Structures are given as C-alpha cells and as structure tokens.
1. Restricting to Cα pairs below 8 Å that are 6+ residues apart, what does the relative contact order work out to for region 9-117? Please round to a whole percent.
2. Taking only protein heavy atoms and a 1.4 Å probe, what accessible area per residue, in Å², does the chain have with all protein chains in place?
3. In whole Hz, with x marking every Gly and Pro, tabulate ³J(HN,Hα) for region 302-318 from phi via Karplus 6.51 cos²θ - 1.76 cosθ + 1.60, θ = phi - 60°.
4. Could you grab the relative contact order for the chain? Cα pairs under 8 Å, six or more apart, rounded to a whole percent.
5. Pairs of alpha-carbon atoms within less than 8 angstrom and 6+ residues apart define the contacts here; what relative contact order does region 193-321 have, in percent?
6. Suppose every K and R has +1 on its Cβ and every D and E has -1 on its Cβ; what is the size of the dipole of the chain about the Cα centre, in Debye to the nearest 20?
7. Assign unit charges at the C-beta atoms only (+1 for Lys and Arg, -1 for Asp and Glu), then state the dipole size of region 15-85 relative to its Cα centre in Debye, rounded to the nearest 20.
8. Viscosity 0.692 mPa s, temperature 37 °C: give me the Stokes-Einstein translational D for the chain in µm²/s, with Rh taken as the Kirkwood radius over C-alpha pairs.
Amino acid sequence: MHALAMAVSANLPVILWGAPGTGKTSSVLALGEQLGLPVEVVVGSVREPSDFAGLPVVREGGTWFAPPRWAERLAAAGHGILFLDELTTAPPAVQAAMLRVVLERVVGDLALPEGVRIVAAANPPALAADGWDLSAPLANRLVHLDWSISAASVADGFMGGFAVPDLAGAGAPTAAEVGAARALVGAFLRVRPSLVLAVPEESGRAWPSPRTWELAATALACTSSRPGEWAERVRAELVVGAVGEAAGFELLSWVRDLDLPDPETLLSDPAAPLPDRVDRLHAVLGSVVAHVRADGGGDSWQRAWNLVARVARRTPDVAAGAARSLAARRPEGTPLPPAMLELAPILRAAGLMP
C-alpha cells in the first residue's frame, strides 16, 4: 500500500496484481479520498475499444472522436485517478485502445490534465474469468506492484478500520531529484548496456526498455530524500515494478554501493576527492549537471566546468558527456570560464564551439 501511495503521489502509472476480493478497488478509492482526488472506475471487461479511442462523430464539418463521460468528468475536475479495473479481463482489442490513454493521457480527441493519475488492477489470468495476458506494449507502460494481504492486517482492519498510509511529505519529486536519478540510471546503463532493452518472450509483467527506465528513474527520485527502511522497501518495489526483478535488483545494488559525494561539495571544493571507478565518475558528473540545471545560476554553471576539466585530465571520454550538457545549457549572459579552454576539442567535436 505504501508503494501504491508513493506512485500515485509521484504520478507514476501503476498496476496492482492480486487475487480477486483482496481490497484493491476499495484501497484505491480510500487513497483517492485521502488525497482529495475524484476516482473514476473503468472496468475493462465491459468496455469497447471506442471507450478509449473515442466514438467518431461529425462536428463542424469534420470528424471528432468523442470521449466517454468518465473522461469528460476527469478533464472538468482537472485532476483525479483513472482506475482501470480488471485489466486482464479486457480483450486484446480493448487493451490496444488503452495504450494511448496510459502513455499520453489522451482519450479520443480529449487530452486529460497532467493532474490525472492512472492506476490499474488485474487478477493473474489464471484467476480471471476469461482472462488474457497483458500485452507487452501495455505492460511496458506501467509500474507493476504485487498486491498481497496478511491475516493480521485484515483482522486489524475489521477491528479498527483499514488504514491508508500517511502521505505527509510525499509528492512529485523536484527537478533536481529527477535529474540526479536520471544521471544514476544513465551511468548504470553505460556499464550494463544489455539491460537498456530486453523484450520478453512472454508478455504480462515488467521488462526493461528506455520507457520503463524513465519510470525507474522517477521511482528513485521520489524516494531519494526519504531515508529509512520504509523508503528502501518502497524504492525496491517501484524500481522492480518498473523494469522487472533482474534489472531492478541489479540497479538497486549498484546504486547502494556508489556512495557518491554531494554535488554542492564538489562545486565548492576544487580539491574534493573524486571516485576512481569510471561508472562512479559518470554518476558524479551526471548528478552535478542535474544540480546545476536545477539551480539555473551562472555561478554554479561556471564552477561545474572546473570539475569537468579535472575529470577530463584523467578520463576525457567520461567528461565529454557532461561538457556537452553544460555547453548546451549556458545561462544567458554568463561569461565563459577559463576551464572551458581545456575542453575545446571535445566541444568542437560536438558542434558546440567554433
């Protein structure tokens, strides 16, 4: 439940996998009530493709794909939860029509507001009436969470009420947190390029692709500033739910062993020690670039070049990516620092310097 709450707060599209009658729907409704979000429940087994792709109608001399009423209500509210229930009972044609809704938040010719979260629920096909496996493209658009219950939690719920996690401090990650997490994922994929894309032979659950690595980066970002065992568990559930067990646990293990220095410390102290490992250097420079982009100031941008130049003296290839990113995001009016001269060949090769 904590992972679900964090995913909804961070606006990650998520699917809950669990047996029938285990409280998935009621929990989503309770979560929506706590967050002040209206919930629209759409049951896949009783819907047609036109309920997601829109019904063609003639309008002002052209064709308009009219959205259903549930989409209009969410658009009018400006925020909410679209709850796609019983997803594995939806026929393949309906699943195909859902793809654009889940990825682009578009229903027919109506664009849903950014404040609309997407949550789905599914029974394993063996437990679903006339169930279908989730198609690989649709599975690749969602973070997959296993929904399990314990006898003790059910008993406590009947006695004292079913609790919804306290979401104080939860929400969408900051730009700096997202940038740092994307840098970590990028550095990891440099050393494990085979994990960038691994299309499964069988569809249905999470698998790694550039799209799901983006979800994994958001999952890292939304838990990065929340220490403790609870945050570690939620981080693992979300990352593994995005890219699958093998890739997810490998990323988590790699991140746990990094022990990176703080970006502001590196910018403030020209003599601050740097990691020896190439993958850690990639991660360090990525986090510094993300920090500078979030800061947006000319002073931090200039200081970042001193760090990039230090790295370039040891490993020019590692510094190249950070140099290109910094050069392309120079704050208006900021003078060029002397350290850029050391990197002139790299910048010329990238077409960023005459």
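The values are calculated or read from the model by the stated rules, or taken from the named source; none is laboratory data. For clarity, every value in this text was computed on a predicted model and none was experimentally measured. Every residue, glycine as well, gets a Cβ built from its backbone with ideal geometry; the counts of neighbours run over all protein chains shown. Heavy atoms of the whole protein, side chains included, go into the accessibility calculation; ligands, DNA and RNA do not. Shrake-Rupley method; radii C 1.70, N 1.55, O 1.52, S 1.80 Å.
1. On the way: 156 pairs, mean separation 36.7, N = 109.
Computed over region 9-117, the figure is 34 percent.
2. Values: 16700 Å² over 354 residues.
Per-residue value: 47 Å².
3. Those phi angles translate into 5, 5, 5, 5, 4, 5, 4, 5, 4, 5, 5, 5, 9, 9, x, 5, 5 Hz.
4. Details: 581 pairs, mean separation 56.8, N = 354.
Once divided by the residue count of the chain, the mean separation gives 16 percent.
5. Details: 106 pairs, mean separation 21.1, N = 129.
It comes to 16 percent, rounded to a whole number.
6. Working: 29 positive and 37 negative charges, 212 e Å.
Taking the Cα centre of the chain as origin, the dipole is about 1020 debye.
7. Working: 5 positive and 7 negative charges, 7 e Å.
Here region 15-85 has a charge dipole of around 40 debye.
8. Numbers: Rh = 22.4 Å.
So the translational diffusion coefficient is about 147 µm²/s.
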